[in-house]
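Colleague: Sharing a structure, written as structure tokens. Questions coming.
The values are calculated or read from the model by the stated rules, or taken from the named source; none is laboratory data. Because the structure is a prediction, the values reported are computed rather than measured. No Cβ is skipped: glycine too gets one built from the backbone with ideal geometry, and neighbour counts run over all protein chains shown. Calculation scope for accessible area: heavy atoms of the full protein, side chains included, ligands and nucleic acids excluded. Shrake-Rupley method; radii C 1.70, N 1.55, O 1.52, S 1.80 Å.
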Amino acid sequence: MSLMLIIVTTALVNNVVLSQFLGICSFLGVSKNVKTSASLGAAVIFVMTIASAVASFIYDLILVPLDLDYLKTIVFILVIAALVQIVEMFLKKSSPAIYEALGIFLPLITTNCAVLGVALTNVQDGYNFIQSVTAGFGTACGYTLSIILLAGIREHMDEDSVPGPFKGAPLVLISAALMAIAFMGFSGLAI
């Protein structure tokens, strides 16, 4: 499978949030403004790409040769937790405003099922190291695109008059559902 096809498939066709429904917590919780969403997206791109690389490396060179592949989930969680700690320390030191804006959702990347899901999916699909890194990057870009789009929509929703029963979570969920339907249009790109 070509690397460009992996990126298009993971980012648009099988978008981790809109078609696989992974990472919904931070997707709905952080998407209140575009800047914060973009910052979280950048952190997810870093963590998911590096986690995919490290997970693939550990799986192929340690777990499989030692017949310990049943430990992959635990090992992948440890790798993700360590990477999130690095990102958290970096943001706290270099950009306290973004660190504060992300709040609890930055540490939640550790338990973000999207990050763990891509590492496990890469193993399940039999991707080699380069394909795993590409899939991790593409998936993270799809997550970032989705959260930024929803944040842009939500910023404009605040300006509109909305009937009372639809204010807040119902309108956000309806918007996310319409985005998921729109992303189904990309399904013809990957053959």
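Colleague: In nm, what is the difference between 0.36 nm times the number of residues separating residue 86 and residue 19 and their Cα-Cα distance?
Modeller: 21.2 nm
Colleague: Can you pull the percent of the chain's accessible area that's carbon plus sulfur, 1.4 Å probe, other chains left in place?
Modeller: Its accessible area is 72 percent carbon and sulfur atoms.
Colleague: Have a look at 174, 84, 135 and report the one farthest towards the positive end of the charge dipole of region 82-184, computed about the Cα centre with Cβ charges (Lys/Arg +1, Asp/Glu -1).
Modeller: Farthest towards the positive end: 84.
Colleague: Calculate for the chain the 222 nm mean residue ellipticity that helices alone would give, adding -39,500 (n - 2.57) per DSSP H run of length 4 or more and normalising by residue count, nearest 500 deg cm²/dmol.
Modeller: Helices in the chain give a 222 nm mean residue ellipticity of -21500 deg cm²/dmol.
Colleague: Pick from 110, 139, 121: which residue has the top mean-square fluctuation in a GNM of the chain where Cα pairs under 10 Å get a spring?
Modeller: 121
Colleague: Right, another one. In percent, how large is the relative contact order of the chain, given Cα pairs closer than 8 Å and 6 or more residues apart?
Modeller: Answer for the chain is 43 percent.
Colleague: Among 27, 90, what's the order by accessible area (1.4 angstrom probe), most exposed first?
Modeller: 90, 27
Colleague: What residue among 175, 56, 31 shows peak mean-square fluctuation when the chain is described by a Gaussian network model with Cα springs under 10 Å?
Modeller: Result for the chain, Cα springs under 10 Å: 175 fluctuates most.
Colleague: For region 128-144, in order, what is each residue's ³J(HN,Hα) by Karplus, 6.51 cos²θ - 1.76 cosθ + 1.60 with θ = phi - 60°, in whole Hz (x at glycine and Pro)?
Modeller: 7, 4, 5, 5, 5, 5, 5, 5, x, 5, x, 4, 5, 5, x, 4, 5
Colleague: When the Kirkwood hydrodynamic radius is evaluated over all pairs of different C-alpha atoms of region 146-191, what value in angstrom, to one decimal, is obtained?
Modeller: One decimal place: 11.7 Å for the Kirkwood radius.
Colleague: Give the lysines reachable from residue 92 as a straight Cα distance under 20 Å; neighbours fewer than 8 places away on the same chain don't count.
Modeller: Cross-link targets: 35.
Colleague: Determine the principal axes of the Cα atoms in region 22-67, then give the extent along each, sorted from largest to smallest and rounded to whole angstroms.
Modeller: 46, 17, 7
Colleague: Using the crude model of +1 on Lys and Arg Cβ and -1 on Asp and Glu Cβ, and no other charge, please compute the dipole size for region 64-191 relative to its Cα centre, in debye to 20.
Modeller: Rounded to the nearest 20 debye, it is 120 debye.
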